[in-house]
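As C-alpha cells, the structure follows; a few thoughts come after it.
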Amino acid sequence: MIATTLTALAEFPSQLEVFYRAFPRELTRWVPDSWEGCPSENLTALEQLCHVRDIELDGYHVRFGRLLNEPGPVLASLDTYALVQERNYATADAADVLAAFRAARQTTVEMLRPLSDEQLARAGTFEGYGPVTVRGLIHYLCSHDQQHLAGLQWLLGKAESQRGPARREGSHIG
C-alpha cells in the first residue's frame with residue numbers, strides 16, 4: 001500500500017503542472033464571486049501552486065524530519081492564508097514555483113522510499129489531526145495533493161459555469 005502512495009507522490013508534480021497548464025493565462029489569478037463548495041483552500045490557481053510548494057518545504061519536510069528524529073513530536077499546522085499574504089503569492093512566477101515544488105517533492109520521495117517498517121511506525125501528534133505516524137503522514141500528504149487537484153478543477157468548473165453562452169466559443173473569462 002505504501003509503495004502505491006509513494007508512486008502517487010512522485011507523479012504528483014507532473015499532474016499538478018498539467019492541471020495548472022489547463023488554465024488560460026488570464027484565469028491563473030482569477031477569484032470567483034463565491035468559494036462555496038471549493039474542495040481546497042480558497043486560493044487562485046497560482047496561489048494553489050505556491051501553497052503546495054510551501055506546505056511541502058515548510059510543512060511536510062519539517063514534519064517528516066521531526067517524526068524520524070525526535071521522540072513524540074507535536075507537528076505544527078501552517079496558516080495558509082498568512083503565507084499567501086507574507087509571501088505575496090499573487091506575484092509569483094508559476095514556472096519557478098513548479099520547478100521548486102518538483103525539486104522539493106523529489107527530496108520528499110527520496111527521504112521516504114528507503115524507510116523501514118520501524119521508521120514508518122514512528123509517531124507524534126499532528127496539530128488538528130491528532131496522533132500520527134510517518135506512514136499516516138505519507139497518506140495525509142497524498143490526500144493533500146488530491147485536494148489541490150480537485151481545487152484546480154473546481155476553479156475551472158466555476159469559471160466555465162460563469163461564462164456567458166456567447167463567450168463559450170474561443171474566449172475565456174478575464
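A short reminder: the numbers here are calculations on the coordinates, not readings from a lab. Treat the numbers as computed from the prediction; the structure is a model and nothing was measured. Quick reminder, even Gly has a Cβ in these numbers, built from the backbone with ideal geometry, and neighbours come from all protein chains shown.
Odds and ends about this structure:
- Extension gain for Ala99 to Thr4 (0.36 nm times residue separation, less C-alpha to C-alpha distance): 31.8 nm.
- Cα gyration tensor shape of the chain, rounded if a/c is under 1.5, else prolate or oblate by comparing a/b with b/c: prolate
- Comparing Thr91, Thr44, Thr107 in a Gaussian network model of the chain where C-alpha atoms under 10 Å apart are linked, the largest mean-square fluctuation is found at Thr91.
- Alpha-carbon centroids, segment 52-75 and segment 101-118: separation in whole Å: 12 Å
- Over segment 49-128: Kirkwood hydrodynamic radius from C-alpha pairwise inverse distances, Å: 13.8 Å
- Cα gyration tensor, segment 9-75 - rounded (a/c under 1.5), prolate or oblate: prolate
- Calculated [222 nm] ellipticity per residue, helices only, for the chain: -18000 deg cm²/dmol; basis is -39500 (n - 2.57) per DSSP H run with n ≥ 4, divided by all residues, nearest 500.
- Taken as entire DSSP H runs, the helices of the chain that both span 15 Å or more between Cα atoms along their own long axis and average 0.0 or more on the Kyte-Doolittle scale are 2-21, 94-112.
- Farthest towards the positive end of the charge dipole of the chain, among the residues Ser40, Phe23, Phe64, is the Cα of Phe23, using unit charges on the Cβ of Lys, Arg, Asp and Glu.
- Spacing of the two label points (7 Å from each Cα toward its C-beta) at Tyr140 and Ala22, in nm: 2.8 nm
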